[in-house]
Amino acid sequence: MPAPPTPSQAVPAADVARTQRRLLALIPAHNEEGGILLALNALGAQTIVPDRVIVVADNCVDATAQLALEWGAEVVVTVANRAKKAGALNQVLATLLPTLQDSDVILVQDADSFLDQGFTQGGLAALDHDPSLGAVGGTFRGKPAEPGSSRSERFLTHLQDNEYARYARDVRRLKGRCLVVTGTASMFRAGTLRKVSQARLSGRLPAGDHQGGVYDTSVLTEDNELSFAMMTLGHTLLAPQDMKLTTEVMPTLRELSSQRLRWTRGAIENCFQYGFTRVTAAYWGRQGLTAAGIVVTAVYLATVIFALASHAFFLNPFWASVTLIFVLERFVTLKDKGWRAQLTAASMYELPYDLFLQATQARAYAAVIFRKERSW
């Protein structure tokens, strides 16, 4: 019988907890037969492979569940779920959370995303390093257009990928601090999600589905609301540099407009839902800056159009400075994609795309102000 360890050989309690900790992956999926294997294969290739992979098949009428089972994942089929992703996750978490230790970690990722190889290792390292973290999430790039895609689809994919590259740069400059933990792929301690559920039941947080569900099924942007909830409970959020992934982009302007309208309106409504607090102040400020940007752009365009229509166009120093700032911003913020991409961006070819996004944001503000019926 081996001798008991001496004090110098004893394993620290924190290290014991880490080795006993389990990592579980949840993938909510609605008719994702075209991409589910890509997501699953990326999980299987992680440097730290999840102990369990659970595909939550939500109202699927395709082969999503069958493909997941053949791959080796567990499959949970939702029952009478009408609350989309949030409702599907609530159903599985309701039975899963009671079986987990607080130190166990849950990865939630979209079925149309796939993780870089070190994603889970980076997430676990960050959670181990900082007990105050409520969640860690990834930064993402756009999935390349499929072979045979139209020129317009390839161009729209390129524009969204540029946007995501700028977001990743902003997060990196802030040393990983972020306002929202991404819904594409994030990792949570089971104990944190349990605290959220209990806080909803006690009334400390919005009720969600009124059954203590982790996700609020009444909102348009459940991931944004969950970020608010965790920070209200005293947690911080982080997007570590080594947590990267690739995610689906919208192939058409109509789908992109619908996505961004939901994102923007959902974020605004979450601000009203939680009110103005120390936690939400930055979010209110962000919305204020967005609204101000829309106004400035509208005035800028109106000035140019009026000058051209009246044949009185001249170089206004103020607006020339605004233009120069915009050009520099386009150039500097695309550094991650190389100098060729930077020089191309300085030509302001992305301006129509930016105007399109601003118009969508303006529609979201109008929908909130006039209380237009929500649809998703």
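The values are calculated or read from the model by the stated rules, or taken from the named source; none is laboratory data. All of these numbers come straight from a predicted model, not from anything done at the bench. With ideal geometry, Cβ positions are generated from the backbone for all residues, glycine too; neighbour counts draw on all protein chains shown. Ligands, DNA and RNA are excluded from the accessible area calculation, which covers all protein heavy atoms including side chains. Shrake-Rupley method; radii C 1.70, N 1.55, O 1.52, S 1.80 Å.
Figures for the structure shown
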| item | result |
| --- | --- |
| Per-region count, the stretch 198-225, residues open to solvent by less than 20 Å² (accessible area, probe 1.4 Å) and either among the hydroxyl-bearing types (Ser, Thr, Tyr) or closer than 15 Å to residue 94 by Cα (or both) | 9 |
| Qualifying residue in the stretch 82-93 (condition: over 23 Å from residue 133 (Cα atoms), in contact with a helix residue (DSSP H, G or I) (Cβ under 8 Å, 6 or more places away or on another chain) and not hydroxyl-bearing (Ser, Thr, Tyr)) | yes |
| Residue list for the stretch 259-272, restricted to those being in contact with a Ser or Thr (Cβ under 9 Å, 6 or more places away or on another chain) and either among the aromatic types (Phe, Trp, Tyr) or open to solvent by 40 Å² or more (accessible area, probe 1.4 Å) (or both) | 261, 262, 263, 269 |
| Residue that is surrounded by the fewest Cβ atoms within 10 Å (Cβ to Cβ) [pool: residues in the stretch 158-193 that are closer than 19 Å to residue 233 by Cα and of a type in the set (Ser, Thr, Tyr)] | 192 |
| Residues of the stretch 186-214 that turn out to be under 13 Å from residue 227 (Cα atoms) and among the hydroxyl-bearing types (Ser, Thr, Tyr), as a count | 2 |
| Leading residue by the ranking (least open to solvent (accessible area, probe 1.4 Å)) among those in the stretch 118-138 that are of a type in the set (S, T, N, Q) and at pLDDT 95 or above | 120 |
| Enumerated strands (runs of 3 or more DSSP E) restricted to the stretch 22-85, each holding at least 2 residues that are in contact with an Asp or Glu (Cβ under 7 Å, 6 or more places away or on another chain) and closer than 28 Å to residue 224 by Cβ | 23-29, 52-57 |
| Filter pass, residue 93 being buried (at least 20 other Cβ atoms within 10 Å of the Cβ), in a helix (DSSP H, G or I) and at pLDDT 95 or above | yes |
| Pairs where the first residue, in the stretch 258-270, is farther than 17 Å from residue 227 by Cα and the second is basic (Lys, Arg) and open to solvent by 20 Å² or more (accessible area, probe 1.4 Å), C-beta under 9 Å, 6+ apart | 261/363 |
| The stretch 166-200 - residue that is hydrophobic (A, V, I, L, M, F, W, C) and at pLDDT 95 or above and, of those, farthest from the chain's Cα centre (by Cα) | 199 |
| Residue 98, sole failed condition from (1) assigned to a loop (DSSP other than H, G, I, E, B); (2) without any contact (Cβ under 8 Å) to a residue 24 or more places away in the chain | (1) |
